[in-house]
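The values are calculated or read from the model by the stated rules, or taken from the named source; none is laboratory data. All of these numbers come straight from a predicted model, not from anything done at the bench. Positions of Cβ are generated from backbone atoms using ideal geometry, with glycine treated the same way; all protein chains shown enter the neighbour counts. The accessibility values were calculated without ligands, DNA or RNA, using every heavy atom of the protein model including side chains. Shrake-Rupley method; radii C 1.70, N 1.55, O 1.52, S 1.80 Å.
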Amino acid sequence: MASVKLKVDGREVVVEKGTNLIEASKQAGVFVPSFCYHPGLPVVGVCRICLCEVEGRPKLVAGCATPVEEGMHIITRSAKVAEARRAVMEFLLIHHPLDCPSCDKGGECTLQDYTIQMGPSRSRFTFEKNTWPEEDVGGKLILNKNRCILCLRCVNLCKDVAGVDEIAVLSRGEHTYIGTVDGRKIENELAGNIADICPVGALTSKDFRFQSRPWELKNTPSVCPLCSKGCNVVVGYHPRRNEILRITARTNMDVNQWWICDRGRGGFHFIHDPNRIVVPVQRAGGTARTVAWNAALPEIARALRGVVQRHGPAAVGVLGSAELTNEECYLTRAVFRDGLNVPNVDFPARPQPEVTYARFTIEGDQNPNTRGARLCGVAPGPLGLGVNEMIRAAAAGTIRALFFLRGGPLERFGDPAIVERALRQAELVVVLDLLPSPVSDRAHWVLPGVSFAEKDGTFTNSSGRVQRIRKVLTLRGDTREDWRILQDLGRALHVLPSADPDPERIFIRLAQSIPAYSGLTYASVGELGAPIAPATADVAVG
Amino acid sequence: MTVNGSVLLKTVHLPESHTLAVYRKHGGYEALALALQKQPDEIIDMVKRSGLRGRGGAGFPTGTKWGFVPKATDKPKYMCVNADESEPGAFKDRIICQKDPHQLLEGTLIGSYAIGASRAYVYVRGEFAFEAGRIREAIDEARKAGLIGKNILGSGWSCEVSVYLGAGAYICGEETGLIQSIEGKRGEPRLKPPFPAVVGLFGCPTVVNNVETLACVPHLVSRGWEWFAGIGTERNTGPKLYGLSGHVNRPGIYELPMGTPLRELIESHGGGVPGGRAVKGVIPGGASCPVLRGDEIDVPMDFDSLTRAGSLFGTGTPIVMDDTTCMVRAAWITARFFAHESCGQCTPCREGCGWLERILVKIERGQGEERDLDVLLSVTDQIEGNTICALGDAAAWPARGFAKKYRDEFLQHIREKRCPLGGGSLH
Ligand SMILES: Cc1cc2nc3c(=O)[nH]c(=O)nc-3n(C[C@H](O)[C@H](O)[C@H](O)COP(=O)(O)O)c2cc1C
Ligand code: SF4
Ligand code: SF4
Ligand code: SF4
Ligand code: FES
């Protein structure tokens, strides 16, 4: 890429050809305000807050819409620029309700921030303001046109990223407004991003509205667990309430750019489901009793050992899960395949229709860690059985114990009638999960696992990128991180020589033994993830 | 309405002036035949030398604009005719569309040939349905006569022309708004650069020209650029259609040389103000041009002279206001137009135009305060130069012009808390 040398307020900077004045100024350490400009959307140049002076040009230019030129001198600290910014701020506020105290965007609103920074503190507009009623526009968004500054980001997100014209600009002049076409509801599953990028409180998330002030939230970087894409997200949780209140997009140019889908955005409510499994439960003869971990795991270990002693390790079937982290998958292998010599280790696929938008795809695999599960060894050993075969073998009585690392609907594991029979036939069925399901309803033991927001770990996404999830919530009830459960079980079975205190340490071990992860550490994975070694990709340890 | 002239309006009085037969009888399409024997560059050169400047308002040299169209490109090129004439006061293109559509088509074809376009669109103001029909008929006639379509006049060059009827938005007269509209999009100006000559209609090199501009072209081709350059003043050449309206005895369209003095236009041609009343002010070139006071009308009507006089030539269509006119009301009506026509895209124009209108209504109703006048001027400063297209400027200039030139009258409204002219009149 050719580079261009220029000056911004006297500071010299070299930038790539084609860079606009806003980005070039940023690289020179000079802030240029913007409302409508978004690096992921087409440049519209409508808000005019980014007006800059360019030496030698009589008129101010829009920083977002002007590319740099060799030898250019951008001036942002002049009376002319200050006056233009003040003018735009005043114009944007004349019909604005200034209802920050009751606006959900307060605290993270660009208009509010700029008004404090550079806006006029009094309005000279003495007339009645234009007002509009609030509106449910679908897409889990509420539109308050009074606050809209017509930056068109929402319009272009739908048009350009989703590729559907679901939000349009209507009418003209000061009566211009954005709205849905013929009052239809927004249906595209990327619309939630608008709540992230609307610079004001005009389009806000119905889900998050009035839940909390943004400054009450703690934000932690993580990864969406709902499909194999592995979108980078920010988990916003309320420490006092120990509750996640929203998930927003986190920029990662190699994965999801600036966007996430609405499934990922809303995909945290299950964590706070009142039906969560919170204690180990043993079910026998139609009655269920809660059991403390220190009694449950030794009992399960004894029962497993019993099956292995009586029928051999091939009589155990392990239904692993690609919802679990790399570390947990590694432990699954260590405990069952390497420890107990169980050859039957596999995990169920969880396909879904792939949804392709103009510039974003929701992937067809609901497992966030399919790549990692395979690479870390959640795969049948020599002569080992896959998911369906295990279920059939259990229904036929040759497999005597079934260990599910995640439950679910019966059809996830095969023909429901056969799964039903398998679960009835087996003498030991253990299910580790968050919520009750048809599978766990039929188990002898149900153990409480945790969600992606209640543990640390890593996922490997479909393109082979290793990315970190983080524990943000304190564990509820007697729930335990899945890695800890697996490790404790391994200890109870006497198959793990030692226990690691945290997933980071497990990862070090994992990286030492699995070539694809060789050289990776939590530090090198960092906030944005790191690719597995390309040459070893997809070669599972057999 | 008086209509007279010797070049552009030569045949408009004749019965059936809009037909091919009448047009041809008076030498029509001879310029096209002549042009097709020349190289496109020769024509561009001729137009440059003629000094023809765009009649759409900005006065940009037409030959220079044509020369901006890149030669080395695989993309198709387009010619767009701007027949959106919607500015209050402007009514000069309409007569050509109505009475002499072949003159427009001939200019369009020569222009298309010069820039290498084989497709031309005539964008007609939505309200000009009758004129659009006339142009369509003319296109059909010309096509049948081998003047439009394949292998025009046996030259090997082909060109299609079609009419696109707008939907009634002034902003679609702005060249990039026009392009958006033809593309079937919302009529909103685009950011410039890139300019249409490089990225225009459907992303391809495009020239947008005013009706009157193109109507000049056949004449300068057949009579020579020297002839054209000999009319008018030095940098403002050729014949011009002046649409005179307002308080004059003989409103109408007068074809006179560029640079005709405004006073001559009003007094000699327009027959002066009815009842012998005084000229209070003149908006010289359509509503966007700052008003001139009655004592400022000794000015030649051309681009450079009016700019020097602190106003603009615009479309060269003066609106005369006599001393019964309330200038606050005139300012308000102007502001209302621009507020109504703002596309609403960019902040200063969208928010500022409505604000100007509100202040002017307030003053006209006798509810104004002195500081409103300061706010008014400050809002015009805040709009000017900060917008995407010139509509923002077009709203700011006249409001500022009225408020500055008739400050006393504005203050009188404020002090007397009423309109001293009883609301005035503006026909
Ligand atoms: C708000 C606005 C409205 C305009 N309306 C017209 C119009 O109706 N007709 C026209 O010829 N030019 C109009 N123009 C000027 C065009 O943008 C353009 O400059 C012109 O068509 C170029 O033609 P010319 O070079 O032949 O003058 C308008 C400009 C603005 C900013
Ligand atoms: S709703 Fe928000 S994103 Fe959409 S135009 Fe208005 S301010 Fe911009
Ligand atoms: S695309 Fe997949 S990973 Fe991304 S947010 Fe949606 S469900 Fe989550
Ligand atoms: S100046 Fe006015 S008309 Fe022109 S783009 Fe901006 S809002 Fe639209
Ligand atoms: S950020 Fe440049 S015009 Fe909006």
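Numerical summary
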quantity	calculated
From the options B:81, B:122, residue that is assigned to a strand (DSSP E or B), under 13 Å from the mean Cα position of the chain (by Cα) and away from ligand 5 (no atom under 16 Å from the Cβ)	B:81
Any hit, the stretch B:46-56, residues being of a type in the set (D, E, K, R) and touching an Asp or Glu at 6+ places or on another chain (Cβ under 7 Å)	yes
Entirely in the stretch A:1-117, the strands (runs of 3 or more DSSP E) that have 3 or more residues that are in contact with an Asp or Glu (Cβ under 9 Å, 6 or more places away or on another chain) and modelled with pLDDT of 95 or more	A:3-8, A:73-75
Out of B:61, B:15, B:88, sole residue that is more than 16 Å from ligand 5 (Cβ to nearest atom) and more than 18 Å from the chain's Cα centre (by Cα)	B:15
Subset of the stretch A:185-198 [open to solvent by 10 Å² or more (accessible area, probe 1.4 Å) and either modelled with pLDDT under 95 or closer than 15 Å to residue A:209 by Cβ (or both)]	A:195, A:196, A:198
Breaking point among (1) touching a residue at least 40 places away in the same chain (Cβ under 8 Å); (2) open to solvent by less than 50 Å² (accessible area, probe 1.4 Å); (3) not charged (D, E, K, R), for residue A:444	(2)
Residues located in the stretch A:82-91, provided they are more than 14 Å from residue B:354 (Cα to Cα), within 11 Å of chain B (Cβ to nearest Cβ) and not charged (D, E, K, R)	A:84, A:87, A:88, A:89
Of all residues in the stretch A:123-149 being charged (D, E, K, R) and exposed (fewer than 14 other Cβ atoms within 10 Å of the Cβ), the one that is nearest to the other protein chains (Cβ to nearest Cβ)	A:128
Residue satisfying all of: in the stretch A:237-263; within 12 Å of ligand 3 (Cβ to nearest atom) and either more than 20 Å from residue A:153 (Cβ to Cβ) or free of Cβ contacts under 8 Å to residues at least 12 places away in the same chain (or both); least open to solvent (accessible area, probe 1.4 Å) among these	A:255
Which numbered condition residue B:202 misses (of (1) open to solvent by 40 Å² or more (accessible area, probe 1.4 Å); (2) aromatic (Phe, Trp, Tyr); (3) within 16 Å of the chain's Cα centre (by Cα))	(3)
Subset of the stretch A:20-37 [open to solvent by 20 Å² or more (accessible area, probe 1.4 Å), in contact with a helix residue (DSSP H, G or I) (Cβ under 9 Å, 6 or more places away or on another chain) and more than 14 Å from chain B (Cβ to nearest Cβ)]	A:31
Cβ pairs under 7 Å, 6+ apart, first in the stretch B:145-163 and closer than 18 Å to residue B:115 by Cα and β-branched (Val, Ile, Thr), second open to solvent by 40 Å² or more (accessible area, probe 1.4 Å) and in a strand (DSSP E or B)	B:148/B:160
Restricting the stretch A:137-194 to residues that are within 16 Å of ligand 3 (Cβ to nearest atom) and of a type in the set (Gly, Ala, Ser), the residue that is nearest to the chain's Cα centre (by Cα)	A:192
Test: residue in the stretch B:193-208 that is within 14 Å of chain A (Cβ to nearest Cβ), aromatic (Phe, Trp, Tyr), more than 16 Å from ligand 2 (Cβ to nearest atom) and farther than 24 Å from residue B:68 by Cβ	no
Residue among B:183, B:174, B:188 that alone is more than 14 Å from every other protein chain (Cβ to nearest Cβ), more than 17 Å from residue B:108 (Cβ to Cβ), touching a helix residue (DSSP H, G or I) at 6+ places or on another chain (Cβ under 9 Å) and not β-branched (Val, Ile, Thr)	B:183
Residue identified as in contact with a Pro (Cβ under 9 Å, 6 or more places away or on another chain) and in contact (Cβ under 8 Å) with a residue 12 or more places away in the chain among B:88, B:76	B:76
Matching residues, the stretch A:78-90, being in contact (Cβ under 8 Å) with a residue 12 or more places away in the chain, of a type in the set (A, V, I, L, M) and crowded, with 17+ Cβ neighbours inside 10 Å	A:81, A:84, A:88, A:89
Residue B:298 being touching a helix residue (DSSP H, G or I) at 6+ places or on another chain (Cβ under 6 Å), closer than 19 Å to residue B:247 by Cα and open to solvent by 10 Å² or more (accessible area, probe 1.4 Å)	yes
Residue among A:75, A:94 that alone is open to solvent by less than 60 Å² (accessible area, probe 1.4 Å) and within 14 Å of chain B (Cβ to nearest Cβ)	A:94
Residue list for the stretch A:259-300, filter: assigned to a strand (DSSP E or B) and touching a strand residue (DSSP E or B) at 6+ places or on another chain (Cβ under 8 Å)	A:281, A:282, A:283, A:288, A:289, A:290
Hits in the stretch A:38-72 (condition: open to solvent by 30 Å² or more (accessible area, probe 1.4 Å) and closer than 25 Å to residue A:194 by Cα)	A:39, A:42, A:43, A:65
Residues located in the stretch A:198-233, provided they are within 12 Å of ligand 3 (Cβ to nearest atom) and not in a loop (DSSP other than H, G, I, E, B)	A:222, A:223, A:232, A:233
Residue list for the stretch B:205-219, restricted to those being over 10 Å from the mean Cα position of the chain (by Cα), hydrophobic (A, V, I, L, M, F, W, C) and away from ligand 4 (no atom under 16 Å from the Cβ)	B:207, B:214, B:215, B:216, B:217
Conditions (1) within 14 Å of another protein chain (Cβ to nearest Cβ); (2) surrounded by fewer than 24 Cβ atoms within 10 Å (Cβ to Cβ); (3) out of contact with any Leu (no Cβ under 8 Å at 6 or more places or on another chain): number failed by residue B:348	(2)
Qualifying residue in the stretch B:252-270 (condition: surrounded by fewer than 18 Cβ atoms within 10 Å (Cβ to Cβ), assigned to a loop (DSSP other than H, G, I, E, B), more than 18 Å from the chain's Cα centre (by Cα) and of a type in the set (D, E, K, R))	no
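Rundown of residues vs (1) open to solvent by less than 10 Å² (accessible area, probe 1.4 Å); (2) within 16 Å of ligand 1 (Cβ to nearest atom), yes/no style:
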{"site": "B:313", "(1), (2)": "yes, yes"}
{"site": "B:332", "(1), (2)": "no, no"}
{"site": "B:335", "(1), (2)": "yes, yes"}
{"site": "B:370", "(1), (2)": "no, no"}
{"site": "B:373", "(1), (2)": "yes, no"}
{"site": "B:390", "(1), (2)": "no, yes"}
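Rundown of residues vs (1) charged (D, E, K, R); (2) open to solvent by 50 Å² or more (accessible area, probe 1.4 Å), yes/no style:
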{"position": "A:229", "(1), (2)": "yes, no"}
{"position": "A:235", "(1), (2)": "no, no"}
{"position": "A:267", "(1), (2)": "no, no"}
{"position": "A:274", "(1), (2)": "no, yes"}
{"position": "A:283", "(1), (2)": "yes, yes"}
{"position": "A:287", "(1), (2)": "no, yes"}
